[in-house]
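The values are calculated or read from the model by the stated rules, or taken from the named source; none is laboratory data. Just so you know, these numbers come straight off a predicted model, no measurement behind them. When we count neighbours, we look across all protein chains shown, and the Cβ atoms used for this are built from the backbone with ideal geometry, even at glycine. Accessible surface is based on the protein model in full, side chains and every heavy atom, while ligands, DNA and RNA are left aside. Shrake-Rupley method; radii C 1.70, N 1.55, O 1.52, S 1.80 Å.
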Amino acid sequence: MSHDQTASAKHEPSSDALVQVRGLRTRIGDKVIFDGLDLDVPRGSVTAVMGPSGTGKTTLLRHLTGQLRPDAGSVRVDGEEVAKLSRRALFALRERIGFLFQNSALLTDFSVFENVAFPLRQHAKLPEELLRDIVLTKLQAVGLRGAAGLMPSELSGGMARRVALARAIVFDPMLILYDEPFVGLDPIALNQVLRLIRTLNRTLGITSILVAHELAAIRQVADRVYLIANGKLVAQGAPDELAHQNSPWTRQFFGGEADGPVPFHYPAPDYATELGFAGRAQ
Amino acid sequence: MNANLRRHWLLQGIVSLGECGIFFVAVLGALPKSLRYWRELCRQVWFVGAMSLVIVMVCGLFVGMVLALQLYYTLSIFGGTAALGTVVALSLFRELGPVVTALLVAGRAGTAVTAEIGLMRATDQLDAMSMMAVDPLAYVASPRFLAGVIAMPLLECVFNAMGIFGGHLVGVSWLGLDNGTFWGNMTSTVTLHGDVLDGLYKSIVFGGVVSLIAVFQGYTAPPTSEGVAYSTTRTVVFSSIVILAFDFVMTAFMT
Ligand SMILES: Nc1ncnc2c1ncn2[C@@H]1O[C@H](COP(=O)(O)OP(=O)(O)OP(=O)(O)O)[C@@H](O)[C@H]1O
Ligand SMILES: [Mg+2]
């Protein structure tokens, strides 16, 4: 791992929460996404957020960065109420947050190198030499130093995710939000990314929140797992604890069963009725 | 936004107009910050200006040539063909230069800007920028708006020059007017303040209008392929209508 360890002051995970969500309520259109969600992310921890597809994990991250305002409840990041921040203060907060988009969201007009350099160029007046070194270090960490000159359209999906990852961490922010960082990675890349997340956390004390579905991977990095379903927090604990916890939620979710309290189907009218069988059956 | 308000097309139009007004203020507000991204501004001026140069030059040439032909015919009825240079230049400076250039730029560069920004929205690039604490209004919208205001008058000058050259080509080289009469009458009648600058003012306003519409349509395009396609079309339609309407109003006030 070539990650530079100059700022090696090892942060002790302190007890106070970097992210604090209280009674979060959100609806998008007519759909209730969160219905009283409470959640704490301790400083210096790696926290995983899990939940069935479409429960609002991405929506939760959007709340943390102020892209979305809650209908009720509070979202505090580093002690600041995100929804109440002015535009300027919000941008100042975002400078300290790295965000990995679920769909990578690379800037298509810029090369891989320039994509990773983008946040640095905007906010830090660095000499070109130093900037180049930092960007190449981050690209090396995700195994794509050789791809620095390519354009985003020339990348595969998994490569694009790793570039997006490099861009999210280039600033060594205080908080990194990863939206599904493991999707589309081969086992080797997956291992490297896991090591990267761990190193960033251990050496720089960066707090990480990762949304992911891969329990095996989460077990290797996460200190704590939150399971969200039906707009609420339904289970929490250390990954190993949670996998063996005997609640209907965890049993069903980690067992991958279709029936149980966690709905697999998006809300829909009765299947038979919609297919037109209901009348004929009688 | 109130869903009922959205239903009637007239109300919908008024609501969009209001949104565009608010957007305009936001873009203006982001202008000072966008000066930090002067590289981006240069890139956009180059994009709008240089990319539209060929089409503006070719069209200017043909418009000047056809003007000379038509006006020569009209003037010859009254025996006033000596005034050909003057009327060609006046038509170009006061009217055709600003209007035709604006229409061409709307079609050539406005659509590209709308499609580009719409696609950036659809692929989350604008969100990604704002997540990296870079205001997309300052980085994407304002430079493109300003680029239109800067490039349009420059293109208009090129258009006029090519138009007069075309008029000269037809009037002097082909129809056999006297070269000295052509230039002499023109330079003694056309005034800088009344004619050339008035046209230039029009051009600056049209530049602002066209690029505002293009950026607004792109910024508010629904993030779908159909949404971007419709927004691109709307850029051309709205720009054309607004250019011609503004042209009438400005001409009425200027003369
Ligand atoms: N712009 C939108 N308009 C309407 N509904 C939306 C919108 N964005 C999200 N939703 C709804 O919000 C819910 C939560 O979406 P979200 O993207 O947060 O899910 P997720 O938990 O991240 O799912 P996944 O694991 O598949 O990424 C979904 O049911 C979706 O239908
Ligand atoms: Mg998601």
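Quick look at the values:
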item: The range A:3-281, relative contact order in percent, only Cα pairs under 8 angstrom and at least six apart counted; result: 24
item: Solvent-accessible area buried by pairing A with B, both sides, nearest 100 square angstrom, 1.4 angstrom probe; result: 1700
item: Rg/Rh (Cα only; Kirkwood hydrodynamic radius) as it applies to the protein assembly as shown; result: 1.11
item: Most mobile listed residue (A:240, A:78, A:270) in chain A, GNM with C-alpha springs under 10 Å; result: A:270
item: Using alpha-carbon coordinates, inclination of helix A:187-204 to the longest axis of chain A, degrees; result: 70
item: Choice from A:30, A:16, A:223 with maximal GNM fluctuation in chain A (Cα, 10 Å cutoff); result: A:30
item: Two-site FRET efficiency, residue A:153 against residue A:27, from Cβ-Cβ distance with R₀ of 30 Å, rounded to 0.05; result: 0.25
item: Mean-position separation - Cα centroids, the range B:192-255 and the range A:221-282, in angstrom; result: 53
item: J(HN,Hα) series, the range A:77-84, from Karplus relation 6.51 cos²θ - 1.76 cosθ + 1.60, nearest Hz, glycine and proline x; result: 10, 6, x, 9, 6, 4, 5, 9
item: Inter-label distance, nm, simple model (7 Å from Cα along the C-beta direction), residue A:265/residue B:14; result: 4.6
item: Largest to smallest accessible area among A:123, A:213, B:193 [probe 1.4 Å]; result: B:193, A:213, A:123
item: Helical contribution to [θ] at 222 nm, DSSP H n ≥ 4, -39,500 (n - 2.57), averaged over chain A, rounded to 500; result: -10500 deg cm²/dmol
item: Å³ per residue enclosed by the Cα convex hull of the range A:3-281; result: 162
item: Heavy-atom accessible area per residue - chain B, 1.4 Å, Å²; result: 47
item: Cα coordinate range in the range B:2-254, projected on the principal axes (Å, largest first); result: 66, 42, 31
item: Convex hull (Cα only) mean projected area of the range A:151-233, reported in nm² to one decimal; result: 6.4
item: Expected 222 nm ellipticity per residue - DSSP helices of 4 or more, -39500 (n - 2.57), all of chain B, to 500; result: -24500 deg cm²/dmol
item: Mean Kyte hydropathy of 0.0 or more with a Cα span along the axis of at least 18 Å, helices from DSSP in chain B; result: B:9-34, B:51-77, B:142-168, B:198-219, B:225-254
item: Mean projection area, nm², convex hull over Cα of the range A:47-126; result: 7.3
item: Stretchable slack from residue B:73 to residue B:178, in nm (0.36 nm times residue separation minus alpha-carbon distance); result: 36.2 nm
item: Degrees, to the nearest 10: A:112-123 long Cα axis against longest axis of chain A; result: 80
item: Fluctuation leader among A:208, A:86, A:111 - chain A, Gaussian network, Cα springs under 10 angstrom; result: A:86
item: Under-5 Å amide H pairs with residue A:99, H placed in peptide plane, nonlocal only; result: A:177
item: Estimated FRET transfer efficiency when R0 is 60 angstrom, pair residue B:58-residue A:84 (beta carbons, to 0.05); result: 0.60
item: Computed over the range A:137-204: relative contact order in percent, which uses C-alpha pairs under 8 Å that are six or more apart; result: 38
